[in-house]
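Asks: What follows is a single structure, and I will ask about it in a moment.
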Amino acid sequence: MSPDVERFTGGHAVGVDVAAIERDLAGLWRKASASGAERSVTRACAWNLVVHATTDAELARAKTLADALVAVVPSRTLVLSQRTNALGPEVEAFVTANCRMMPGGGKLVCTEEITIEARGRGSDHLPSLTRALLVPDIPTAVLWAGVPPHAPLVDELLAVADRLVVDTTHLGSDGLGRIEQLGNKATHKVGDLAWLRTAPRRRVIAGAFDAPVDAGMLYRLKRVSLDCAPDAVASAKLMLGWLGARLSWGTPEAIDDRDAPGWMVPRQQGKVLVDLSPTATTPGIARLAFESDQGERVRITSTDACLTIEGAGPPHTVPHVTLPDEALVVAALGPRGSDRLYQAALHRAVELEDPT
Amino acid sequence: MTDANPLRQGLVDERLPEPCTLVIFGASGDLTKRKLVPALYTLAAERLLPSSFCIVGFARKDVSDAAFREEMKAACEKFARHRPLDPNVWDSFAQKLFFQVGDYDEAKSYQALKARLAALDQERGIPGNRVFYLSTPPSTFPVAVRRLGEAGLVDKEKGKPFRRVIIEKPFGTDLSTAQALNAEVLGVLDESSVYRIDHYLGKETVQNLMVLRFANGLFEPLWNNRYVDHVQITGAEALGIEGRGGYFEQAGILRDMVQNHLFQVLAITAMEPPVSTHADDLRDEKVKVLKALRPIPEGRVDEFVVRGQYRAGTVAGRRQVSYQEEPGVVPGSKRETYVALKLFIDNWRWAGVPFYLRSAKAMPKKVTEVALVFREAPLRLFGERARTVGQAPNVLAIRIQPDEGVSLRFGAKVPGNTMEIQPVNMEFRYGTSFGQEPPEAYERLLLDCMLGDQALFTRGDEVEASWRFISRIHQAWESSSADIDTYEAGTWGPAEADRLLLRAGHQWRRP
């Protein structure tokens, strides 16, 4: 947590009484006001963030993320810790107010964090508690680690959500399909940290086809090869999905007689062979190579914190920007956090998941 | 070329300019080091510059590319928004920096520049797009533009490759010099290629003024003479003239701040909703406000304008010498370091509403804000006592700098058994409500120019309209033998400025 953030904690479980939770929070506000002396405490609240966790690791990550978000997203954060098989009280809640010193003045701006621990059947209370504790008139985002399952809890939470924020980076083979399915609902949009994480790389890839390279080669491609780490297949497919969406590729046909995944993809007046090799030792996407039917080649390779672009001119290297998770969440909550291009890329990526 | 790149389309998080070269005239100057190159570095760090891009510094002092890069690195380390510098970003950015020695009024310097730019185009795959930034003394603007035209580096063509010229303030020193400069510039360039920069327009809160007004249903219905009692616009500097006596003796605060920055803020505050956010639609509305400013009647300037000059004093615990003691100031000078104006906008929306503008050096603190002071409730329902203990008019204050934000003052009942009313502020602060820093004004403006968006740049007729009003005040002062009011440094100005408002039953806010 940033050094200019001051934390006020209730320190005791306040049960499932929503009014008690609100009272406890109000008490923290008074405490913050008292310590602020001559200046009043101002509240800024731009989002309700509902963060779901089912394991200690997910809870720890959710807490870390919530702490990091204090400085960047004024919000009421509800951390829902769901432990189906744990023993103890069915539902407990803890409240924390995070106060931030204002630049140039003594004023404080607070965000609030309510952790609700649900054990056993206590999980059934999570949707109603969530609905009761949301700050009115501001949007709600549900941050879900992994793939949201087919479950009433998911449906009820998403019913009050304006945005679902997921991270498809390490999803399994059916994960992208489920995310696409959830994104097709009209009530909320999906922001995908994996997609936003690849934004700087997509800009570099796009830039590789700026002048003096003839961008027309993108319509003459005969082969696209992508090497990635074994745990980055979903991101790799999202990247290929983006290319397919932008270049109007047709429905892919899987090539069966290969060790690594591969597809023949129709394009205008021809086909593109798309290879995906998930054996790279470099994290994430290691290499993306383009070859046209006229022999033109462009290759983008990851090396340390840089990307090297080899194309028409001399090779050049640009820094590879990596954004921290909190910055990605901020982007996912923003107006550009969910865009049509993502939906199109996701659809193409799902086609690669399950080729005809 | 970029337009044809299908992968560029749909990248939602950027507005990426076409490959181009930015030539900075006055590359050895302070603005280049403090603002321009640090802003460009930040744009590079945020991946907002095109892949094929060059910056060419152009100045009289001959330095090598390597020395220029070192100098700019030191400047970025000190002034860039993203610090410390990212070594990878810097290495890549430094490769785009070049230096070309030249004299602003020497034709052969422009031929050499032309050859250098052609070579860079070839080497970097830049299709001839160029932006020339005139960060030089104002006296060099006409000759620089003329020479650029003679060398074929700019012309009146509107097509591609684009050739744009950014001109720093001041754009003229009065109406006639502004008109002459406009004529000179537009003799060589089309208006669509001229970017008169006023960095206030690049400030996030100035743009937010438009959003506040036109993206919300709440405020605009109240934004008129029916509900607004008066408007106060303040542009205060805590610093004195900081040794710039030579410059300030020529300029004064009216030229330095009011004609450009404060009038732009005034225009955006008072303008009608534009039909679109397209540059000319926006500028059409701004210029209408400036044209609607009621001329100050001849011989009555003192009723509408107060000027002052600071005496020695203390500003935020720091000793400030008087203006008269500043180096470069002519003894007995009557040059104003404080000005307050009472203006009226003679149009349907603002008829009868005073707009009070003030700007000064050596004020208690640095602050720029617009405050709309609303009319009081029609009936004092809670009696005289409630009023005296704290009932006050509602004020919507838009803070432009520092701590950008918006606050709304309203009366609230103090908890207890009595009917006490206390003004409270509802505040929105940029710094805490969004998880990101607003960009520096120059970042936004440089990017907009490269993208060909003139919305945040002033048009020739705007500049002339503001000078038309300001020049009349200067003429009146020049023909007046009256002494200038003085004020102690570190205070909010001369007493006469308070009386300017008191005559209408108003008083200055203490921002």
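Asks: Out of all the residues in the stretch B:138-160, is one or more over 22 Å from B:ASP105 (Cβ atoms), of a type in the set (Asp, Glu) and touching a residue at least 24 places away in the same chain (Cβ under 8 Å)?
Replies: Yes, the stretch B:138-160 contains a residue that is over 22 Å from B:ASP105 (Cβ atoms), of a type in the set (Asp, Glu) and touching a residue at least 24 places away in the same chain (Cβ under 8 Å).
Asks: Okay, moving on. Condition check: within 27 Å of the chain's Cα centre (by Cα) and more than 14 Å from chain B (Cβ to nearest Cβ). Does A:ALA286 satisfy that?
Replies: yes
Asks: Out of the residues in the stretch A:142-155 meeting the condition of being buried (at least 16 other Cβ atoms within 10 Å of the Cβ) and part of a helix (DSSP H, G or I), tell me which one is farthest from the chain's Cα centre (by Cα).
Replies: A:LEU153
Asks: Same structure again: Going residue by residue through the stretch B:226-234, is there one that turns out to be touching a residue at least 40 places away in the same chain (Cβ under 8 Å) and within 30 Å of B:GLU325 (Cα to Cα)?
Replies: yes
Asks: Filter the stretch B:282-311 for residues that are open to solvent by 40 Å² or more (accessible area, probe 1.4 Å) and not in a strand (DSSP E or B) and give the result.
Replies: B:ASP284, B:LYS288, B:LYS291, B:ARG294, B:PRO295, B:PRO297, B:GLU298, B:GLY299, B:ARG300, B:ASP302, B:GLU303
Asks: Might you let me know whether the stretch B:2-22 holds any residue that is assigned to a helix (DSSP H, G or I), within 13 Å of another protein chain (Cβ to nearest Cβ) and either modelled with pLDDT of 90 or more or crowded, with 18+ Cβ neighbours inside 10 Å (or both)?
Replies: Looking through the stretch B:2-22, at least one residue is assigned to a helix (DSSP H, G or I), within 13 Å of another protein chain (Cβ to nearest Cβ) and either modelled with pLDDT of 90 or more or crowded, with 18+ Cβ neighbours inside 10 Å (or both).
Asks: Any idea how many residues of the stretch A:31-65 are away from every other protein chain (no Cβ under 13 Å) and either modelled with pLDDT under 80 or surrounded by fewer than 19 Cβ atoms within 10 Å (Cβ to Cβ) (or both)?
Replies: Going through the stretch A:31-65 one residue at a time, the tally reaches 17.
Asks: For the stretch A:215-234, what are the residues that are surrounded by fewer than 20 Cβ atoms within 10 Å (Cβ to Cβ) and either within 14 Å of another protein chain (Cβ to nearest Cβ) or hydroxyl-bearing (Ser, Thr, Tyr) (or both)?
Replies: Across the stretch A:215-234, the qualifying residues are A:ALA215, A:GLY216, A:TYR219, A:ARG220, A:SER225.
Asks: Residues to consider are B:LYS35, B:LYS61; find the one that is in a helix (DSSP H, G or I) and open to solvent by 60 Å² or more (accessible area, probe 1.4 Å).
Replies: Just one listed residue meets the conditions, B:LYS35.
Let's see how each residue does on (1) open to solvent by less than 10 Å² (accessible area, probe 1.4 Å); (2) free of Cβ contacts under 8 Å to residues at least 12 places away in the same chain; (3) within 20 Å of the chain's Cα centre (by Cα):
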{"site": "B:ASP453", "(1), (2), (3)": "no, no, yes"}
{"site": "B:ARG459", "(1), (2), (3)": "no, no, yes"}
{"site": "B:SER466", "(1), (2), (3)": "yes, no, yes"}
{"site": "B:ARG472", "(1), (2), (3)": "no, no, no"}
{"site": "B:ASP483", "(1), (2), (3)": "no, no, no"}
{"site": "B:TYR487", "(1), (2), (3)": "yes, no, no"}
{"site": "B:ALA497", "(1), (2), (3)": "yes, no, no"}
{"site": "B:LEU501", "(1), (2), (3)": "yes, no, no"}
{"site": "B:GLY505", "(1), (2), (3)": "no, yes, no"}
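Asks: Could you please find all residues in the stretch B:56-90 being in contact (Cβ under 8 Å) with a residue 60 or more places away in the chain and of a type outside the set (A, V, I, L, M, F, W, C)?
Replies: Result: B:ARG81, single match.
Asks: Now, a different point. Pairs only if they're at least six apart or on different chains, beta carbon under 7 angstrom, first in the stretch B:429-440 and more than 7 Å from chain A (Cβ to nearest Cβ), second modelled with pLDDT under 75 and part of a helix (DSSP H, G or I); list them, first residue then second.
Replies: Taking only residues 6 or more apart or on different chains, the pairs are B:PRO438/B:TYR430.
Asks: Let me ask something else about it. Six or more apart or on different chains, Cβ atoms under 9 Å: show the pairs whose first residue is in the stretch B:175-201 and more than 20 Å from B:LEU456 (Cα to Cα) and whose second is among the acidic types (Asp, Glu).
Replies: From the stretch B:175-201, the pairs are B:LEU175/B:GLU464; B:GLN179/B:GLU464; B:VAL188/B:GLU150; B:VAL188/B:ASP155.
Asks: Quick check: anything in the stretch A:289-301 more than 10 Å from every other protein chain (Cβ to nearest Cβ), within 30 Å of A:THR140 (Cβ to Cβ) and in a loop (DSSP other than H, G, I, E, B)?
Replies: Taking every residue of the stretch A:289-301 in turn, none turns out to be more than 10 Å from every other protein chain (Cβ to nearest Cβ), within 30 Å of A:THR140 (Cβ to Cβ) and in a loop (DSSP other than H, G, I, E, B).
Asks: Additional query: Give me the pairs, please: first residue somewhere in the stretch A:263-282 and open to solvent by less than 30 Å² (accessible area, probe 1.4 Å), second residue anywhere and part of a strand (DSSP E or B) and among the polar types (S, T, N, Q), beta-carbon distance under 7 Å, and either six or more positions apart or on two chains.
Replies: The qualifying pairs are A:ASP275/A:SER225.
Asks: Another one. Taking the stretch A:99-117 as the search range and keeping residues that are at pLDDT 80 or above and closer than 22 Å to A:PRO136 by Cα, which one is farthest from the other protein chains (Cβ to nearest Cβ)?
Replies: A:ILE116
Asks: Which residues, taken from the stretch A:72-81, are more than 14 Å from A:ALA97 (Cβ to Cβ) and within 13 Å of chain B (Cβ to nearest Cβ)?
Replies: Correct list: A:VAL72, A:VAL73.
Asks: Looking at the stretch B:71-86, is at least one residue touching a strand residue (DSSP E or B) at 6+ places or on another chain (Cβ under 8 Å) and buried (at least 21 other Cβ atoms within 10 Å of the Cβ)?
Replies: Within the stretch B:71-86 (the criterion being touching a strand residue (DSSP E or B) at 6+ places or on another chain (Cβ under 8 Å) and buried (at least 21 other Cβ atoms within 10 Å of the Cβ)), the answer is yes, since at least one residue qualifies.
Asks: Within 14 Å of chain B (Cβ to nearest Cβ) and open to solvent by less than 40 Å² (accessible area, probe 1.4 Å): does that describe A:THR96?
Replies: Taking the combined requirement at face value, the residue does not satisfy it.
Asks: A further question on this structure: Within the stretch A:190-214, restricting attention to residues that are farther than 17 Å from A:MET239 by Cβ and at pLDDT 85 or above, which residue is farthest from the other protein chains (Cβ to nearest Cβ)?
Replies: Across the stretch A:190-214, the extreme among qualifying residues is A:VAL190.
Asks: Can I ask one more? Out of the residues in the stretch A:306-338 that are at pLDDT below 80, open to solvent by 40 Å² or more (accessible area, probe 1.4 Å) and under 23 Å from the mean Cα position of the chain (by Cα), state the one that is farthest from A:GLU296 (Cα to Cα).
Replies: The qualifying residue farthest from A:GLU296 (Cα to Cα) is A:PRO335.
Asks: Sticking with this one: Going by the conditions given, is A:ALA186 modelled with pLDDT under 90 and not hydroxyl-bearing (Ser, Thr, Tyr)?
Replies: yes
Asks: Among all residue pairs at least 6 apart or on different chains, which show Cβ distances below 9 Å where the first residue, located in the stretch A:322-334, is under 16 Å from A:ARG163 (Cα atoms) and the second is modelled with pLDDT of 85 or more and among the basic types (Lys, Arg)?
Replies: A:LEU328/A:ARG197; A:ALA332/A:ARG163; A:LEU333/A:ARG163
Asks: Which numbered condition trips up B:ALA279, out of (1) buried (at least 24 other Cβ atoms within 10 Å of the Cβ); (2) within 28 Å of B:VAL194 (Cβ to Cβ)?
Replies: Unmet for B:ALA279, out of (1) buried (at least 24 other Cβ atoms within 10 Å of the Cβ); (2) within 28 Å of B:VAL194 (Cβ to Cβ): (1).
The values are calculated or read from the model by the stated rules, or taken from the named source; none is laboratory data. No experiment lies behind these values; they were computed from the predicted model shown. Don't worry about glycine lacking a Cβ; one is built from the backbone with ideal geometry, like all the others, and counts go over all protein chains shown. Keep in mind that these areas ignore ligands, DNA and RNA; they rest on the heavy atoms of the full protein, side chains included. Shrake-Rupley method; radii C 1.70, N 1.55, O 1.52, S 1.80 Å.
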